[in-house]
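Below is one structure, written out as structure tokens, with a few remarks after it.
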Amino acid sequence: MKLLLRLNYPLALAIIVFACQPKDEPALAPVCQLTSTTDQLIETSGQLTDELKRTFTYSGNALTSLSERSKNSDASFQIEYNNSLITRANSGQDVITLTYGSATLPNSATFTRSGKVQSTFSMEYAQSGNLTRITENRQILPSSSTVTERSYTFTYDNAGNLTNERGRFVLAGGAIGEQEVEYTFDQKPSPYTHVTELPILTLIALSQAVEAKPGRFWHINTPITQKMYNINSGNRSMIESSTFKPVYDADSKITTQAQTALLYLTGSQTPFTKNNRQTFGYQCQ
């Protein structure tokens with residue numbers, strides 16, 4: 001028996017050593033951040049008539065700058081933090097200052113240009129952290145607008161997808177206009193799920209007076225249709241019906257999409273067509 005124990009000891013030791021070897025861990029998926037978006041308006045002739053480009057830079061996981069460039073706007077904001085919360089976005093001429101309540105999401109902001117207050121914002125959120133309302137009160141009107149106040153209200157489904165975006169606009173003379181956008185979705189993620197600081201993105205976009213659908217930043221999944229209506233005395237009339245054809249990479253990140261928009265003029269039942277093309281860039285680590 002002693003001989004058998006001595007003969008089996010090396011085998012038992014080998015079994016123990018083998019069992020204690022570390023197992024191969026599955027490779028972690030890379031963390032990807034959105035670095036650029038481009039929205040191009042293309043006429044039926046193929047001519048590029050307008051372009052809106054946004055670029056994002058990061059230090060680790062923190063957003064450090066956000067730039068927006070279009071035919072009418074060119075601004076680059078440096079993002080400033082205090083205790084890991086964004087407190088200012090500063091382009092030199094334009095400054096957005098954020099304030100917080102008891103939460104880690106900003107509930108108000110002030111937009112100044114050359115030291116003069118242009119607009120103030122208030123924001124409301126669901127318990128999930130989704131933005132449910134943002135209201136802008138303008139002290140100084142942009143040169144091309146008579147809107148003194150605009151408010152956007154967002155409705156989400158149980159999965160967190162933004163299904164409805166409603167805009168209310170107060171004009172200088174007191175008249176009120178309302179619009180509504182309805183969305184349906186693909187099963188793959190929106191590019192803006194790769195941006196962690198959505199409130200400042202929303203504020204910067206609205207401050208530059210180009211953005212008309214700020215709800216786009218709060219989608220969980222990529223929209224594949226959107227229908228936009230004017231609302232007058234509770235009655236809706238369609239002004240846009242768009243379809244999107246997204247293209248994804250192997251990791252389900254959207255890289256490009258073609259948008260076909262049918263636009264309806266007041267009193268006309270026959271739409272005309274415009275085409276947009278959006279592209280999205282990322283960095284992954």
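The values are calculated or read from the model by the stated rules, or taken from the named source; none is laboratory data. All of these numbers come straight from a predicted model, not from anything done at the bench. Cβ atoms come from the backbone with ideal geometry, glycine included; neighbour counts cover every protein chain shown.
Observations on the model:
- Across region 87-104, the number of residues qualifying as at pLDDT 95 or above and not β-branched (Val, Ile, Thr) comes to 7.
- Where Gly174 falls short, out of the listed (1) over 17 Å from Gly129 (Cβ atoms); (2) modelled with pLDDT of 95 or more; (3) not hydrophobic (A, V, I, L, M, F, W, C): (2)
- Some residue of region 224-238 being closer than 26 Å to Gly60 by Cα and not small (Gly, Ala, Ser): no
- For Arg138, the conditions (1) charged (D, E, K, R); (2) surrounded by 18 or more Cβ atoms within 10 Å (Cβ to Cβ); (3) over 16 Å from Gly177 (Cβ atoms) all hold with the exception of (3).
- Filtering region 231-272 to residues that are among the hydrophobic types (A, V, I, L, M, F, W, C) and outside any strand (DSSP E or B) leaves Ala250, Leu265.
- Leading residue by the ranking (nearest to Thr120 (Cα to Cα)) among those in region 151-168 that are small (Gly, Ala, Ser) and surrounded by fewer than 18 Cβ atoms within 10 Å (Cβ to Cβ): Ser151
- Checking each residue in region 169-189 for being more than 20 Å from the chain's Cα centre (by Cα) and buried (at least 17 other Cβ atoms within 10 Å of the Cβ) picks out Phe169, Val170.
- Residues satisfying the criterion are absent from region 127-144 (criterion: touching an Asp or Glu at 6+ places or on another chain (Cβ under 9 Å), within 21 Å of Ser241 (Cα to Cα), among the polar types (S, T, N, Q) and at pLDDT 95 or above).
- Selected residue (criterion: modelled with the lowest pLDDT) from residues of region 47-68 that are surrounded by fewer than 16 Cβ atoms within 10 Å (Cβ to Cβ) and touching a Lys or Arg at 6+ places or on another chain (Cβ under 7 Å): Asp50
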